[in-house]
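See below for the structure under consideration.
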Amino acid sequence: MHIHKFEQFWIKLSFVLIAFFVATVVYGFVAMDLKVIGDHATIDPQNLADTKFGNPGVREVTRNGQTEYEVYVQTIQFAFNPGTAQPIEVPVDTRVTFYITSPDVLHGFDVAGTNLNTMAIPGQVAKFTTIFPEVREYGIVCNEYCGPAHHVMEGKIKVVPKSEFDKSNLVE
Amino acid sequence: MYEEKSDNSTKKLVKILVIVGIGIPVLVELMTLFNLINVQIFEDEKDVNSNDTNVTEVRGFGEGDTLFANQESAVLIDQLRVKVSAQEWRFALGITSMDSTSQEKLQIRVDSLRLQSKKILLGIDSSSWEVRQTVPAQIYGEWALPNGDIPTKLFVSIEQQEADSTTRVSQEIPLHKIPVRYNQE
Amino acid sequence: MPDEASKSTNSNESGKSWEEQDPDIVREVTIDEYKPYGTLTLTLIYFAIVALMWVFMYFVEFAGNAPSIIE
Amino acid sequence: MTFIHKYPKAAKVAKANFIVAFIALAIGGFFGFVQALHRTNVFRGFFNSGEYYTLLTGHGVLLALIFTTFFIAGLFVWGVTRSLDREPENLAYTWSWFWLMTIGTIMATVAILGGLVPDSSIRAAVLYTFYPPLQAHPLFYIGLALVVVGSWMAGADWFWSYRKWRGENPNERIPILSFMTLFTMLMWYVCTIGLALEVVGLLIPWSLGLVTEIEPLLPRTLFWFFGHAVVYFWLLPAYYVWYAILPKLSGGRLFSDSMTRIVFIIFLLLSTPVGYHHQYADPGISVGFKFYAMASTLLLLLPSLITLFTVVASMEHGARQRGGKGYLKWIGKLPWDRPAFVGCALAGIMFAAGGFSGMINASMNINLLIHNTIWVPGHFHLTVGTAVALTFMAITYWLLPQLTGRKLKHKTLALIQPYAWFLGMTLMSNAMHRAGLAGVPRRTAEPEYMGFEFEPIFGTMTEMKWQIAIGGTILTISLILFLWVVVASWLAGEKSDKPVDDHIPEPLSGVEHTPAILDNMKLWFTLALVLVILAYAFPLWEMVADGIFSPGALPRPS
């Protein structure tokens with residue numbers, strides 16, 4: 001085979017580039033806590049009422065001696081429950097784990113302008129943990145087409161100082 | 001083959017095309033690159049779009065709000081919803097009279113609807129726009145919307161009949177966050 | 001070896017190579033003398049842009065875009 | 001003598017395919033224009049926001065699936081016929097696949113456009129990814145299935161020609177044009193297994209009501225089994241043009257025959273096992289499989305980076321033969337006054353840019369920065385929307401004269417067209433990428449929200465929206481120019497025996513340097529299947545182990 005020596009050099013450089021990309025991703029994943037969601041659990045989308053999704057909202061849990069929060073969200077055509085009618089309120093600098101599923105069609109759950117971005121698929125529970133670093137409001141958009149009124153589907157996350165966090169809104 | 005040799009006018013055209021068709025794109029990309037790096041690295045702490053640009057929020061009405069609050073015949077919005085299905089969009093409105101003691105006749109009328117597309121739907125065109133009932137009353141109406149449109153403002157009037165006189169009051173009701181839901185039926 | 005070209009057209013102009021018939025082509029460059037320095041330059045520029053932009057996108061735009069999924 | 005005079009039957013078939021392709025391009029392009037104005041709220045009077053999704057479905061299906069498939073069929077008929085020097089083996093068979101694909105196209109189009117008729121029950125606003133449980137009318141799925149079956153038959157037609165040719169030429173190497181065709185089709189056969197399982201096995205029975213419930217993740221996964229390879233099904237024919245024809249248009253020769261073949265082999269091997277990179281944000285798929293898909297995807301950068309070198313080197317060769325000098329000065333010696341060359345070259349430049357955003361998309365965690373934001377359509381309008389579509393348009397300026405025996409008309413307009421496309425696409429795609437970084441979602445009729453504002457890194461939302469609308473308008477003008485030149489040349493171009501210089505020179509480093517093993521189709525096809533099984537067998541098994549339709553969701557009309 002006849003490969004010009006410039007092209008051979010370029011092919012080597014290409015491998016370097018590919019290896020560099022893989023290395024950055026692995027480094028980010030391992031050392032910088034930039035994860036993606038994986039396989040968590042399946043659920044019967046027609047019977048969410050009997051699960052924690054039947055009473056969606058923010059729950060307080062204690063894990064490893066720390067107070068953490070769990071947020072159960074149902075994405076429905078065309079709202080986040082909770083999120084749309086009332087904002088999801090969580091304290092700043094605290095571990096918050098989201099559990100998201102859909103009883104009807106595919107939706108997206110994207111906290112606009114952040115790296116929190118996941119699909120809500122009927123039958124699957126999307127689970128991820130995060131820490132909100134600053135006190136502010138975030139918008140949530142559905143970023144997967146979910147039907148004729150897809151574009152009105154939005155919600156809000158309200159991150160408040162720990163001292164102002166109102167525990168009366170928690171669900172059991 | 002293409003025309004013999006490109007003559008002078010073609011050469012000039014090519015020059016213009018290259019400047020406009022390739023020059024502008026290169027400029028756009030360079031500006032993007034410059035701005036990205038400039039903003040992210042050199043203006044890090046400046047918080048470019050300060051979040052305080054408070055849009056003076058006109059508070060709209062929603063489910064649970066009271067209409068004609070300063071009248072004696074105040075009414076409550078107990079349902080406000082856009083029901084969406086593949087074929088049609090419907091606007092559903094439920095109103096309850098607050099005062100269950102008065103015996104006078106009350107007529108509640110949705111005069112017109114202003115939609116997001118700036119269209120106005122007139123109430124009188126369709127019989128279902130007018131709802132008559134005596135108090136205490138709970139009324140409910142549904143209206144077909146143009147596909148894809150959402151009401152932003154309601155014009156409602158009530159007529160209170162007392163003996164021989166009737167008082168008519170109208171109110172403009174800006175709506176806030178109407179829940180849009182898939183219509184299961 | 002099938003000469004795809006000759007099948008379609010130039011059957012009557014066999015003697016000369018196609019380069020010699022094209023008026024725009026001023027000389028023929030053979031494989032032995034051809035050194036694609038220009039290509040190498042362009043690809044190296046591309047490599048540099050891509051590598052730099054990658055670092056910027058990953059470590060500034062993405063990693064600095066918290067909150068992120070940490071678990 | 002040009003193609004139509006030597007192979008009148010094949011020319012007719014190719015032309016028929018082009019007609020369908022260009023009609024789809026015209027309708028789909030118009031929908032794109034409406035969307036550009038609607039989304040940006042520059043003008044929303046054409047259709048309402050509910051109908052937007054019908055248009056969006058039409059735009060995606062007609063352009064990404066129909067325009068591409070038919071154009072590719074026409075292009076490959078031309079290439080196989082020419083490089084093997086034989087007309088199609090059996091015209092009845094050839095026309096049967098064409099008509100099958102056309103009928104399928106009409107069915108799917110009717111199903112989509114039904115959504116614009118008030119109260120119609122024939123609807124298909126499911127977008128071109130048609131994720132259940134959103135359900136389209138059965139006509140939509142059956143129509144698309146027919147298009148795919150037709151494309152399989154088309155591929156079989158070309159293998160048939162190849163077999164016959166091989167019988168008469170037992171010792172020759174596969175001519176490069178046929179090689180690229182056959183390997184593209186082999187890849188197509190591998191990836192459409194997923195689509196066939198999804199559409200025929202799940203969606204058609206479900207849309208007909210034979211089963212009521214469906215598990216959403218399984219068809220979605222099967223779709224992406226097919227869905228990334230399909231982008232290479234669009235892209236490889238553009239590569240085919242860049243490898244086989246662009247060097248000649250630049251006045252040079254293909255740099256290396258063997259690298260060309262290697263590139264196509266790598267695409268055959270790796271195009272399908274990478275589908276999970278569209279599902280990085282999906283629950284239900286473990287991180288391990290996502291990582292495997294990422295590694296394969298990034299490895300797929302290799303053939304594209306090799307292409308970059310080989311194709312640019314071929315162009316540089318042309319420029320040097322035309323008197324070009326220096327490290328970069330030679331670029332000026334390229335024929336920037338010839339529409340076919342300009343279109344291909346600009347398409348290639350855009351692909352290099354699109355390649356970068358593709359690298360971001362492909363890289364697992366950073367993907368979450370832009371997943372399902374408008375960045376993604378920004379990306380694929382550079383790749384399929386320009387690298388592929390602009391190449392197809394540009395090469396039409398060179399192919400059409402061969403297929404019709406008529407010279408190209410309106411050469412000035414034809415020359416303006418690719419430059420306009422490049423400008424319009426830069427404006428539109430640049431703003432889409434930037435808006436995506438701010439989190440603006442894709443696939444939405446109205447990206448304005450009541451509860452919050454997007455915060456762009458720099459610039460304003462208004463400025464980006466205008467950039468998209470203006471870019472989209474320039475693209476529409478460019479598309480009209482293209483269609484006008486094609487129709488005018490086709491109907492009224494000057495008849496000629498030699499309407500275009502259709503000679504394709506031999507590669508610089510020819511087939512005599514190419515190892516024979518590269519032509520071993522059985523070997524590479526088997527290896528491709530093995531890689532697919534490695535990537536998909538276990539996760540798919542996990543999904544179906546609890547029942548194919550379970551956990552089941554109920555259908556929702558779209």
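Read-outs throughout are calculated quantities, based only on the coordinates presented, and are distinct from any laboratory measurement. A quick note: this is a predicted structure, and the numbers were derived from the prediction, not measured. When we count neighbours, we look across all protein chains shown, and the Cβ atoms used for this are built from the backbone with ideal geometry, even at glycine.
Give, as ranges by residue number, the residues of region C:39-54 whose backbone N falls under 17 Å from the point 7 Å along Cα→Cβ of residue A:19.
C:51
Under the 0.36 nm per residue contour assumption, what length would be gained going from the current alpha-carbon distance of residue D:116 and residue D:93 to full extension? Present the calculation step by step, with values, prior to reporting the outcome.
On the way: separation 23, 0.36 × 23 = 8.28 nm, distance 3.58 nm.
Length gained between residue D:116 and residue D:93: 4.7 nm.
Which of A:50, B:149, B:164 has the fewest other C-beta atoms within 10 Å, and how do the rest follow up to the most? Write out the running numbers ahead of the final one.
Working: A:50 8, B:149 20, B:164 5.
With the fewest neighbours first, A:50, B:149, B:164 line up as B:164, A:50, B:149.
Could you work out how far the C-alpha centroid of region D:1-72 sits from that of region D:171-238, in angstrom?
First find each Cα centre; the distance between them is then 21 Å.
If you plug each phi of region A:114-127 into the Karplus form 6.51 cos²θ - 1.76 cosθ + 1.60 with θ = phi - 60°, what whole-Hz ³J(HN,Hα) values come out, in order, with x for Gly and Pro?
In residue order, the calculated couplings are 10, 9, 8, 7, 8, 8, 10, 10, x, x, 10, 9, 8, 10 Hz.
Translational diffusion coefficient, Stokes-Einstein: compute it for region D:62-125 using the Kirkwood radius over C-alpha pairs as Rh, at 20 °C and 1.002 mPa s, and state it as an integer in µm² s⁻¹. Write out the running numbers ahead of the final one.
On the way: Rh = 13.7 Å.
Value of D from the Cα-based Kirkwood radius: 156 µm²/s.
Using the alpha-carbon atoms, what tilt in degrees (0 to 90, nearest 10) does helix A:5-31 show relative to the longest principal axis of chain A?
20 degrees
With charges set only on the Cβ (+1 for Lys and Arg, -1 for Asp and Glu), what does the dipole of region A:1-94 come to about its Cα centre, in debye to the nearest 20?
On the way: 6 positive and 10 negative charges, 102 e Å.
Charge dipole of region A:1-94: 480 debye, to the nearest 20.
Please report, in whole Å³, the volume per residue of the convex hull around the C-alpha atoms of chain D. Can you show the working numbers first?
Numbers: hull volume 86.0 nm³, N = 558.
Normalising the Cα hull of chain D by residue number yields 154 Å³.
Starting from the 7 Å offset along Cα-to-Cβ, what nm value, one decimal, do you get for the label separation of residue D:42 and residue D:19?
3.4 nm
Tell me, D:172, A:70 in order of fewest to most beta-carbon neighbours within 10 Å? Before the final figure, lay out each step's value.
Numbers: D:172 13, A:70 20.
Listed from fewest to most nearby Cβ atoms, that is D:172, A:70.
Once you have all Cα-Cα distances for region D:319-466, histogram them in 10 Å bins from zero and send the whole-percent values.
Each 10 Å bin holds this share of Cα pairs: 11, 31, 28, 19, 9, 2, 0.
Which net charge results for the neighbourhood of residue D:268, defined as the other residues with beta-carbon distances under 14 angstrom from its beta-carbon, given Lys and Arg at +1 and Asp and Glu at -1? Could the numbers behind the result be given before it?
Working: positive: D:261, D:522; negative: D:519.
Here the charged neighbours net out to +1.
How far apart, in nm, are two points set 7 Å out from the Cα along the Cα-to-Cβ line at residue B:35 and at residue D:450?
Rounded to a tenth, the inter-label distance reads 3.0 nm.
Can you put A:67, D:81, D:102 in order, fewest other beta carbons within 10 Å first?
A:67, D:102, D:81
If the convex hull of the alpha-carbon atoms of region D:424-480 is projected onto planes in all directions, what is the mean projected area in square nanometres?
On the way: hull surface 16.1 nm².
That works out to 4.0 nm², a quarter of the Cα hull's surface.
Counting residues in chain A as N, plug N into 2.2 N^0.38 Å and put the Cα Rg over that result. Numbers along the way, then the final one.
Details: Rg = 20.4 Å, N = 172, 2.2 N^0.38 = 15.6 Å.
For chain A, the normalised Cα radius of gyration is 1.31.
Please give the net charge around residue D:517, taking every other residue with its beta carbon less than 12 angstrom from that of residue D:517, where Lys and Arg add +1 and Asp and Glu add -1.
Numbers: positive: D:173, D:261, D:522; negative: D:519.
Taking every Cβ under 12 Å from that of residue D:517, the sum is +2.
Would you please state which residues of region D:116-133 a label at residue B:87 would reach in this model, taking the label point 7 Å out along Cα→Cβ and a backbone N cut-off of under 11 Å?
D:118-122
Assuming R0 = 30 Å, can you tell me the calculated FRET efficiency for the pair residue B:8 and residue D:487, based on Cβ-Cβ distance, to the nearest 0.05?
Numbers: r = 30 Å, r/R0 = 0.99.
E between residue B:8 and residue D:487, to the nearest 0.05, is 0.50.
Which whole-number percent gives the relative contact order of chain D, counting Cα pairs below 8 Å spaced six or more residues apart? Can you show the working numbers first?
Details: 914 pairs, mean separation 111.9, N = 558.
With pairs under 8 Å counted, the relative contact order is 20 percent.
Round to the nearest 0.05 the FRET efficiency obtained for residue A:85 and residue A:31 when R0 = 41 Å and r is the Cβ-Cβ distance.
Values: r = 40 Å, r/R0 = 0.97.
Computed FRET efficiency for residue A:85 and residue A:31 comes out at 0.55.
Assuming R0 = 60 Å, what is the FRET efficiency of residue A:94 and residue B:122, from their Cβ-Cβ distance, to the nearest 0.05? Could you put the intermediate results ahead of the total?
On the way: r = 52 Å, r/R0 = 0.87.
That pair, residue A:94 with residue B:122, gives E of 0.70.
Percent relative contact order of chain A, based on C-alpha pairs within less than 8 angstrom and at least six residues apart? Let's see the in-between values first.
Working: 326 pairs, mean separation 39.0, N = 172.
23 percent.
Please tell me which of these pairs span more than 20 angstrom C-alpha to C-alpha: B:11/D:498; B:119/B:177; D:9/D:164; D:15/D:164; A:158/B:177; D:333/D:498?
Numbers: B:11/D:498 25 Å; B:119/B:177 18 Å; D:9/D:164 18 Å; D:15/D:164 24 Å; A:158/B:177 17 Å; D:333/D:498 25 Å.
Correct reply: B:11/D:498; D:15/D:164; D:333/D:498.
Normalised radius of gyration for the protein assembly as shown, please: alpha carbon Rg relative to 2.2 N^0.38 Å, two decimal places. Write down the numbers at each step before the final one.
Values: Rg = 30.3 Å, N = 986, 2.2 N^0.38 = 30.2 Å.
Scaled against compact globular proteins, the figure is 1.00.
Distance from the Cα centre of region D:93-135 to that of region A:81-137, in angstrom?
Between the Cα centre of region D:93-135 and that of region A:81-137, the gap is 35 Å.
Between residue B:172 and residue C:44, how many nm apart are label points set 7 Å from Cα along the C-beta direction?
Rounded to a tenth, the inter-label distance reads 6.9 nm.
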